[in-house]
Structures are given as structure tokens and as C-alpha cells.
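Below: the structure, in C-alpha cells.
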Amino acid sequence: MSSTHPGARLREIMQNDMVVAPGCYDGITAKLIQAAGHHAAYMTGAGTSASLGYPDFGLITMTEMVDNAARITRSIDMPLICDADTGYGNELNVTRMIHEYERKGVGAIHMEDQGFPKKCGHLDDKEIISREEYFAKIRAAASARTSPDFVIIARTDSRAVIGFDEAVARCNGALEAGADVAFFEAAQTIEEVEKVPQLVKGPCLLNIVHRGKTPKVELSEAKAMGYKMAILPSLLYRNILGASEAILKELATGKMPTPMGDMTPREGFNKFGANEWDALRTAFRDPPKRDAAE
């Protein structure tokens with residue numbers, strides 16, 4: 001693993017470029033993201049919930065989310081950005097949440113202003129907490145981190161409930177409270193997507209969700225608009241769902257399907273370090289040779 005703090009690596013990218021973080025929910029998807037040459041990954045809360053058999057309705061605990069983050073950070077050598085939902089309670093819970101994610105080697109988290117339990121940001125009928133409560137939790141998160149490099153991303157879901165102007169005000173208020181990046185969730189038009197980086201006084205994150213509330217935006221367009229981070233939570237998750245459903249449907253007809261990943265067992269294992277592990281099988285069986293002069 002790199003000795004550089006993962007949050008520092010994210011900050012370095014944001015100085016001159018846009019962080020692009022495809023969504024992962026386990027070691028398999030995380031390793032595929034790294035192998036494809038990406039520089040960051042995003043642990044999706046929706047994908048993590050689904051991997052445990054639940055919808056993204058705030059049913060997953062902090063411990064379950066942090067444990068999943070630990071499995072992912074052990075699998076990759078690049079910064080991981082994590083969904084931290086609502087912080088799992090008040091300022092005390094937020095403080096512990098920051099400590100736990102930091103200890104697992106996470107580079108950044110985002111925390112939102114929904115009530116508890118929360119919902120996916122692209123669903124209807126969300127509940128929003130007050131500005132005062134939200135900003136207090138952001139201040140607690142900023143204070144709790146042990147490294148100044150750890151990135152605090154403040155997400156607001158208020159656009160759908162209170163309106164565009166309120167969401168912008170919350171982004172700016174959260175940055176003043178100590179957040180490093182503002183996450184305006186579910187802008188509803190291209191015009192809104194364009195305005196966010198212009199009106200928010202700090203780095204902004206764009207959440208790209210296929211068939212979500214926000215219109216499709218190309219990564220090059222998002223960068224040109226001024227966004228410093230882009231996450232794609234469902235890119236792998238939904239593709240895996242679609243591919244799995246299709247091949248299982250084919251199998252149900254009695255036909256033996258050929259997997260999309262048409263590889264030998266060995267080729268599959270090599271994607272997860274089999275060659276390196278094999279080298280350890282015999283590496284320690286013979287003692288090292290001593291110099292004859294000794």
C-alpha cells in the first residue's frame with residue numbers, strides 16, 4: 001500500500017483534474033476498478049445494501065458499512081471514497097463514524113442531511129433535517145478526523161424537498177462548517193448541474209446515476225463545468241445485475257450458457273493475485289545461503 005494518505009492523493013488529483021470514482025461494493029468490483037487503471041473507487045451504499053440483501057433504505061448499520069470498507073481497502077492500493085449515510089445518529093455517532101472509517105484506510109466519506117432512516121438520493125419522499133443540525137454534524141466530522149488529509153464531503157438532499165436555492169445554501173454552509181467538498185444530490189436539469197459549481201464556493205462532487213433524477217452528463221462535460229469529483233455508484237452494480245439475470249434466464253431454458261467473462265479458472269484467479277500467492281508456496285522452504293566467508 002502507498003504510504004501517502006489516501007485523502008492526500010484525492011486532494012492532489014483535484015488540484016488539476018477531476019476525481020472519477022466508479023462504484024464498488026466488494027473486493028471483486030474494487031480490484032476490477034483498479035485493474036482498469038482508475039485512480040479512485042467509491043464504496044456505494046446502495047451496492048453494499050444490495051450485497052447484504054437489502055434495498056437502499058438506511059437499513060445497514062455503521063458497523064456493516066465500515067466492515068465492508070475494510071475489506072475493500074485491503075483489496076486495493078488507491079483511494080476509497082465511502083458513503084457514510086447520515087452519520088448514523090447525532091454528533092457523537094458522527095465522531096465515532098469518522099474514527100472508524102479513518103482506521104480502515106478510507107480516504108474520504110460523504111454524509112447527508114436526510115432524516116434517519118434515509119433513502120437513496122434518487123427516490124421520492126425524503127425527509128430533511130434542519131440546517132442547524134446538519135451543520136453541527138459537519139463540524140463534528142471535521143473535528144473528529146485525526147489527519148487533515150482525510151476528506152469530508154457534505155451531501156445535501158434538500159433539492160427535492162426544499163428547492164434549488166436551499167440546497168446551494170446548505171452546500172456553502174457545510175463548506176463553512178469544515179467540509180472539503182460539496183455534494184449537491186439529484187440536480188434535476190442540466191441547467192442546475194451547470195449552476196452548482198458556479199454558485200457553490202468550493203469543490204463540488206457530481207453523482208452520476210443512470211436513469212436517476214439528474215440528466216445524463218458526460219465526464220468531460222462535468223469536468224468542463226468545474227466539478228472536482230464524479231462518482232458512478234451503480235455503473236458496475238447494475239451491469240452485474242443485468243448480466244447475471246440474463247445468463248440465469250438462459251440457464252433456466254436448459255441451455256448451458258457461456259459466461260461473458262470467458263476465461264479459465266486459472267485466468268480468473270490470476271486477477272486476484274494467484275501468481276503472487278503461488279510464489280509464496282515454496283519461497284520459505286530453503287534457508288538462505290550464507291556467505292562462505294562467514
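The values are calculated or read from the model by the stated rules, or taken from the named source; none is laboratory data. Everything numeric in this text was worked out from a predicted model, so none of it was measured. Positions of Cβ are backbone-derived with ideal geometry, glycine not excepted, and every protein chain shown enters the neighbour counts.
So the values come out like this:
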item	result
Subset of segment 172-193 that is of a type in the set (Gly, Ala, Ser) and either modelled with pLDDT of 95 or more or farther than 20 Å from residue 126 by Cα (or both) - its residue that is surrounded by the fewest Cβ atoms within 10 Å (Cβ to Cβ)	178
Residue in segment 155-168 that is touching a Ser or Thr at 6+ places or on another chain (Cβ under 9 Å) and free of Cβ contacts under 8 Å to residues at least 12 places away in the same chain present	yes
Count - residues of segment 236-291 that are under 24 Å from residue 77 (Cα atoms), free of Cβ contacts under 8 Å to residues at least 60 places away in the same chain and among the aromatic types (Phe, Trp, Tyr)	2
Condition check for residue 119: within 26 Å of residue 71 (Cβ to Cβ), charged (D, E, K, R), part of a loop (DSSP other than H, G, I, E, B) and in the same structural domain as residue 92 (by TED's automatic domain parsing)	yes
Segment 1-27 residues that are at pLDDT below 95, paired with ones that are in a helix (DSSP H, G or I) (beta carbon under 8 Å, 6 or more apart)	2/9
Conditions (1) surrounded by fewer than 24 Cβ atoms within 10 Å (Cβ to Cβ); (2) in contact with a strand residue (DSSP E or B) (Cβ under 9 Å, 6 or more places away or on another chain); (3) not aromatic (Phe, Trp, Tyr); (4) not in a loop (DSSP other than H, G, I, E, B); number of the one not met by residue 72	(1)
Selection from segment 230-259 of residues that are within 29 Å of the chain's Cα centre (by Cα), exposed (fewer than 11 other Cβ atoms within 10 Å of the Cβ) and part of a loop (DSSP other than H, G, I, E, B)	259
Candidates 77, 67, 83, filtered to the one that is crowded, with 24+ Cβ neighbours inside 10 Å and acidic (Asp, Glu)	83
Residue in segment 9-25 that is surrounded by the fewest Cβ atoms within 10 Å (Cβ to Cβ), counting only those that are over 17 Å from residue 207 (Cα atoms) and either in contact with a Gly (Cβ under 8 Å, 6 or more places away or on another chain) or basic (Lys, Arg) (or both)	9
Those residues of segment 26-52 which are touching a strand residue (DSSP E or B) at 6+ places or on another chain (Cβ under 7 Å), crowded, with 20+ Cβ neighbours inside 10 Å and farther than 12 Å from residue 229 by Cβ, in sequence order	30, 33, 41, 43, 44, 45, 47
So residue 90, is it touching a residue at least 12 places away in the same chain (Cβ under 8 Å), in the same structural domain as residue 35 (by TED's automatic domain parsing), under 20 Å from residue 48 (Cα atoms) and among the polar types (S, T, N, Q)	no
Criterion: over 19 Å from residue 173 (Cα atoms) and either under 18 Å from the mean Cα position of the chain (by Cα) or without any contact (Cβ under 8 Å) to a residue 40 or more places away in the chain (or both) - qualifying residue of 113, 125	125
Residue within segment 39-57 that is part of a helix (DSSP H, G or I), within 15 Å of residue 108 (Cα to Cα) and under 15 Å from the mean Cα position of the chain (by Cα) present	yes
Count of residues meeting criterion [crowded, with 18+ Cβ neighbours inside 10 Å, outside any loop (DSSP other than H, G, I, E, B) and not aromatic (Phe, Trp, Tyr)] in segment 145-171	13
